[in-house]
Every structure is written in C-alpha cells, then in structure tokens.
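Working notes, structure below.
The values are calculated or read from the model by the stated rules, or taken from the named source; none is laboratory data. Predicted model, so just to flag it, every value in this text is computed and none were measured. Neighbour counts run over all protein chains shown; Cβ positions are idealised from the backbone, glycine included. Calculation scope for accessible area: heavy atoms of the full protein, side chains included, ligands and nucleic acids excluded. Shrake-Rupley method; radii C 1.70, N 1.55, O 1.52, S 1.80 Å.
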Amino acid sequence: MVTQTELEEKSRKVNESFEKVASFGLQPNMIIYLMTFYKMSAATGTSILGIWTALSNGLAIVGAFVADSYLGRFMVVAIGSVSTLIGMIILWLTAMVPQLTSSPCSQLQHVCNGPTAVQLAILFSSFGFMSLGAGFIRPCSIIFGADQLEEKEKPENQRLTDSYFNWYYASIGISTIFAVTIIISIQDHYGWQVGFGIPVILMFLSVSMFLIGSPFYIKVKAKESLFIGLLQAVVAAFRKRNTSLPVTDCDDCYHRSHESELLAPSNDFRCLNRACMTQDPQRDLNPDGSASNPWSVCSVEQVESLKALLRVLPIWSTGIVIFVMTRQFPFSVLQTKTMDRHIFPQFEVPAASFSVFMMISLTIWIIFYDRVLVPLLLKYTGRPRGLSPVFRMGLGIIVSCVSMALSAITESIRRQRAIEEGDDPRALVNMSAMWLVPQYALLGVAEAAYSVGQIEFFYSLLPKSMSSIASAMSTTGTAVSCLAASILMSGVDWLSSTGGKTSWLSSNINKGHLDYYFWLLTFLSLLNFFYFLAICRFYDGSSRLSHEAEEKQCDYRLLPES
C-alpha cells in the first residue's frame, strides 16, 4: 500500500516537472528578442506573441481530448514535455547560430534586410513545438498529479487532493516570479545564449525526471473516443428531433451499456434524451445489446456526458471577464513609467516587473487559504474542505471588481497630478508607484480564488473520464479572454476616438482617460457577478452547487471512469 507521504512526493514530482519550466518560454523579454534579432516592429512582434499565447491555450482542448479518448494522460504529458523541449532547443539555437537570425545592420545601411523565409520558418517551428507542448501539458499535468492521489481504499486522500490543487497553483506563481525576475535578469546581463540555455537545461532535467519515474505512476487508461461519443449524441438527438419523448419514466426505453449504473437519462436538457431512445429494439440494437448504428442510438452515458459539459459551460463563461482583467498590464506599465518607482533611494523597480506583486499575492493567498483558513473553518464549522468552490469563484469576481475600481481611482489621481504638474508625458509625477501595488495584490487574490475554485468545481462535477477536459476548459477560457481583451480594447479605442476626440487608450495617458477604461472594466466585472448569481439561481441555487461540488455526489460521478 502506498503511504500518504509517498503520494505527496509523487504528486510533488509531477507538479514540479512541468509548468514551472515550461512557463519560462513566455517572457516579456521575447518582444525585445524579436525586435533585435528579427527586425520586427513592436506591433508585429506583439501580434506574433499574442497568437502564440492564444494557440498555446487553445490547443489545450485538443490535448484534453487526445488524453481522455486515445493516449491517456501520461503519454500526452510525455509527448507535450518532449515537444516543449524541442521547441526550446530550436529557439536556443536561433540565439546560438548567427545564420538563423537576421544580419545586424551596419551604420552605412539605410534599409535593414529583414529575416528570410527560412529563418522565420525555424522561429515559428520553435513556437509551434512549444505551443503543442503547452496544449498537451496544461490540461493533463494537474489531473495526472491528482490521479496519483485517488485511491478508493484511502478516502482520507481527499483532503490531500484538495491541498494538491492549491499547491499546484502556488507552484505556478512561484515559477512565474522566478521567470520574470531571475531569468530575465540573466538574459539582460549574460545575453540570450545563456538566458535561453538555462531554461533548456531545466526543461531537459524535468523531462528526464518525469520519464525516469514512469514505472511508479498511476496511469489511467483512455477509453473509446470521448469526442466521437459526444458528437454521436448530438447527431443522434438531431436526427430524432421529431420523435416524441415518453410521457412517464421508462427505463426500458433507453439504451445503456451493460456495466452502467444509470437506468435513464436526467430530466434537464430533455431534448437530448432522444439520442438514447430505442424505438425498435430489434432494429436499433445488436444481439449483444450494443447499438447497431451509434449515430442513431447512443448510450445513456454518452448523453449524460454531453449534459455534464453543457451544465458547466455557463459557469465557465463567468471566467472570461475576470481573466480579461489580468490582460491590462501594458496600460499599467504606461502608468508605472510616469511614477516614482524607487523603494529605496538606490533601488528602483523596473516598470515591467510590477506584475510580480500580483504573483506574490496569488501565492501568499493560496498558502494562507490552505494552511490557515481551511484548518480554522474545519475547527469551527466542521467543513474539511474550507470554502466551497462556488463561493470562492464568487469571491474572486467581487475582489476583481474592487481591484478595477481601485485602479480607476488611482489613475484618476495620477492623471490629475500629472496635469497640474505641467502635463509632460515624459516627466515623472510626484507620486509613488507603490500606490499601484494594492490593485495588483487584489487582482492576484481574485485570480487565485477564482482559478482554483473553478478547476475544483469542474473536477468535482464532470465525470472522471472527462477530467482532463475539466482542466482544459480553464486553459481555453484564458485563450478566449485574450481574444475578448483585444476586441474590447480595439472597440474602446475606436469608439472613444470618434469625432476627432482623444482616445481613452491614447499612448499619452495624460491626454487619454485610462481611468474611464478601468471604470468600464469595473462595471463589466459587476455585471459578471450578477450573471454569476443568475447562473447559480438557474441551477436551483448556489447552495446546491456548493453541496454537489463539495460532496461529489452529483449524477455525473456515476458515469464510468476511464
């Protein structure tokens, strides 16, 4: 029997082997690298990095389907890790081999030659490998770690699993702080060859440790294609859309597998129940009880899996707005550059490094919640898991709303002082940049509360066979939020500049009205909170959701495990 200490160590190894090193590839200094070695404009480089980020997050849903339906989580994480390592090595080679980047411009040249097609192909291939690796690792690594802790013979491991989710995100926060401080400092002082080489070495060690530990891992095997099963349920329900549903409950009217514990589909989304109805058993079923045409008749389990996914989509959508809030760093950097960034007379914090305060608060909150708040709630309320996932998601939305309101107030004060002091966009305002720290700290707490609560909610309510999809939905929400943030910023910039007016998002923030934009985000966050409450009400109240997520007794968990 595996001891709890051994389970913790296995979980920790899985946790430490992936996102910590993989996150090193996405750094603010990449835009400088593209501008320096590939002669790209800031706009072009930013667009490429944005597409890279969106692709990395969007491929998570592909990785989840492949893991749950075909290869299993271990194999998908292994492939993703190797793919990431290959991409990082290629990127490192572009810094090591001069022929892989554009030639430096001489003083006599008026027009610099840009990168060749081959050079761009090599650069984009490195991004492609890392995007594929991220898409395979992100939705599966956290669930693969949780797989190591799930033993039906040891129900006390439930508390360990809950703690694992918190520490997983804490480790990501710590790794991000390490990446945006030490790694960037190494790149600035020792060059790109060393700055890219160190993450490659760390990733190589990470992949090696993971593969060496392969014999000791619990490996959940994939079942038949989950994606095809969901698609079959949709097609079967559409083809039988004109079929009348039975007026009364009839267990014999529905097709189910032999090992199934579900006798009939649930009553919500009843239109999908047609997909598993058997109108003529002799025609619809084979002698062994399987469906003769799975695109016309599917099982109750397939219908319930589709319903489970539909049930969590509204909750998933509430995360888009809160993740949009974390995409406002470029504007915050513009603010910070106009303010006094000295902590001590001899030490000035770089403007782009202020986001580290968000990661610090995120990490501190998770540690405080897991090690202080949960034991206190257990002592005085008897709740072993602390606050419910739904409550934490709602808390995250409210805190993000407060953070945006504080950002608007701070910017309004900064802008007024800048105008009073001469309105010079290059001058420093007589105001400490430390006034921006509280809004970063609150945003970190908001993301920690919401993200951990959301992934626990998905993991609890979706069937075990869809657990990687549960993780991928959170990552895919990040990709959608990137697109939503771009659309919102473009729309605000266009609308606020109509009629020859100065845009709210002007490069000269003293002329623009960044405070108005932050108030708009505050309003959207408040609307998102009411939308969240409406969803909870739609599901017969947030208490039911909290109970289901906490006790793991909803019907989804009756589905067969992969």
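Can you tell me how many residues within segment 438-490 are within 17 Å of ASP147 (Cβ to Cβ) and part of a helix (DSSP H, G or I)? Before you say what the answer is, go through the steps one by one.
Kept after step one, since they are within 17 Å of ASP147 (Cβ to Cβ), are these residues of segment 438-490: 455-456, 458-460, 462-472.
Checking which are part of a helix (DSSP H, G or I) leaves us with 455-456, 458-460, 464-472.
Selection size over segment 438-490: 14.
Here is a check on your reading of the model: is THR522 farther than 17 Å from ILE397 by Cβ, touching a helix residue (DSSP H, G or I) at 6+ places or on another chain (Cβ under 7 Å), surrounded by 21 or more Cβ atoms within 10 Å (Cβ to Cβ) and touching a residue at least 40 places away in the same chain (Cβ under 8 Å)? Even if it seems obvious, please write down each step before you answer.
Numbers: farther than 17 Å from ILE397 by Cβ: no; touching a helix residue (DSSP H, G or I) at 6+ places or on another chain (Cβ under 7 Å): yes; surrounded by 21 or more Cβ atoms within 10 Å (Cβ to Cβ): yes; touching a residue at least 40 places away in the same chain (Cβ under 8 Å): yes.
Here the answer is no, as THR522 does not meet what is asked.
Yes or no: ARG327 within 30 Å of VAL180 (Cα to Cα), in contact (Cβ under 8 Å) with a residue 40 or more places away in the chain and open to solvent by 60 Å² or more (accessible area, probe 1.4 Å)? Before the answer, list the steps.
On the way: within 30 Å of VAL180 (Cα to Cα): yes; in contact (Cβ under 8 Å) with a residue 40 or more places away in the chain: yes; open to solvent by 60 Å² or more (accessible area, probe 1.4 Å): yes.
So ARG327 fits the description; yes.
Looking at the structure I just gave you, is GLU301 closer than 30 Å to CYS271 by Cα and of a type in the set (Asp, Glu)? Break it down stepwise before answering.
Numbers: closer than 30 Å to CYS271 by Cα: yes; of a type in the set (Asp, Glu): yes.
Considered against the rule, which asks whether it is closer than 30 Å to CYS271 by Cα and of a type in the set (Asp, Glu), GLU301 comes out as yes.
Considering only residues that are surrounded by 17 or more Cβ atoms within 10 Å (Cβ to Cβ) and out of contact with any Asp or Glu (no Cβ under 8 Å at 6 or more places or on another chain), look in segment 491-508 and name the one that is nearest to VAL321 (Cα to Cα).
Quick first cut of segment 491-508, residues surrounded by 17 or more Cβ atoms within 10 Å (Cβ to Cβ) only: 492, 496, 503-506.
Applying the additional criterion that residues be out of contact with any Asp or Glu (no Cβ under 8 Å at 6 or more places or on another chain) yields 492, 496, 506.
Values: VAL492: 16, SER496: 21, SER506: 23 Å.
Selected residue: VAL492.
Does TYR190 satisfy the criteria of being of a type in the set (Phe, Trp, Tyr) and out of contact with any helix residue (DSSP H, G or I) (no Cβ under 8 Å at 6 or more places or on another chain)?
Numbers: of a type in the set (Phe, Trp, Tyr): yes; out of contact with any helix residue (DSSP H, G or I) (no Cβ under 8 Å at 6 or more places or on another chain): yes.
For TYR190, the condition - of a type in the set (Phe, Trp, Tyr) and out of contact with any helix residue (DSSP H, G or I) (no Cβ under 8 Å at 6 or more places or on another chain) - is met.
Among the helices (runs of 4 or more DSSP H) lying completely within segment 1-102, list those that include at least 1 residues that are open to solvent by 50 Å² or more (accessible area, probe 1.4 Å), at pLDDT 75 or above and closer than 30 Å to TRP316 by Cα.
Numbers: elements: 4-16, 19-22, 30-37, 42-58, 60-66, 73-96.
Filter on segment 1-102 gives 42-58, 60-66, 73-96.
Considering segment 185-223 alone, what residues qualify as being assigned to a loop (DSSP other than H, G, I, E, B) and either surrounded by 13 or more Cβ atoms within 10 Å (Cβ to Cβ) or within 24 Å of the chain's Cα centre (by Cα) (or both)?
Taking segment 185-223 as the starting set, the residues that turn out to be assigned to a loop (DSSP other than H, G, I, E, B) are 191, 213, 217-223.
Passing the criteria: GLY213, TYR217, ILE218, LYS219, VAL220, ALA222, LYS223.
Residue by residue, here is whether (1) open to solvent by less than 10 Å² (accessible area, probe 1.4 Å); (2) at pLDDT 85 or above holds:
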| site | (1), (2) |
| --- | --- |
| ARG426 | no, no |
| ALA441 | no, yes |
| GLU456 | yes, no |
| TYR459 | yes, no |
| SER465 | no, no |
| ALA485 | yes, no |
| MET489 | no, no |
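Which condition does ALA405 not pass, out of (1) over 30 Å from SER503 (Cβ atoms); (2) open to solvent by 10 Å² or more (accessible area, probe 1.4 Å); (3) in contact with a helix residue (DSSP H, G or I) (Cβ under 8 Å, 6 or more places away or on another chain), if it passes all the others?
Condition (1) is where ALA405 drops out.
Under the condition of being more than 24 Å from PRO463 (Cβ to Cβ) and acidic (Asp, Glu), which residue from segment 301-356 is modelled with the highest pLDDT?
If we take residues in segment 301-356 being more than 24 Å from PRO463 (Cβ to Cβ) and acidic (Asp, Glu), then ASP340 is modelled with the highest pLDDT.
Please go through segment 330-360 and give me each residue that is of a type in the set (A, V, I, L, M, F, W, C), more than 21 Å from ARG414 (Cβ to Cβ) and open to solvent by 70 Å² or more (accessible area, probe 1.4 Å), ordered by number. I'd like the intermediate steps shown before the answer.
Quick first cut of segment 330-360, residues of a type in the set (A, V, I, L, M, F, W, C) only: 331, 333-334, 339, 343-344, 347, 349, 351-352, 354, 356-360.
Next, only the ones that are more than 21 Å from ARG414 (Cβ to Cβ) stay: 344, 347, 359-360.
Scanning segment 330-360 gives PHE344, PHE347.
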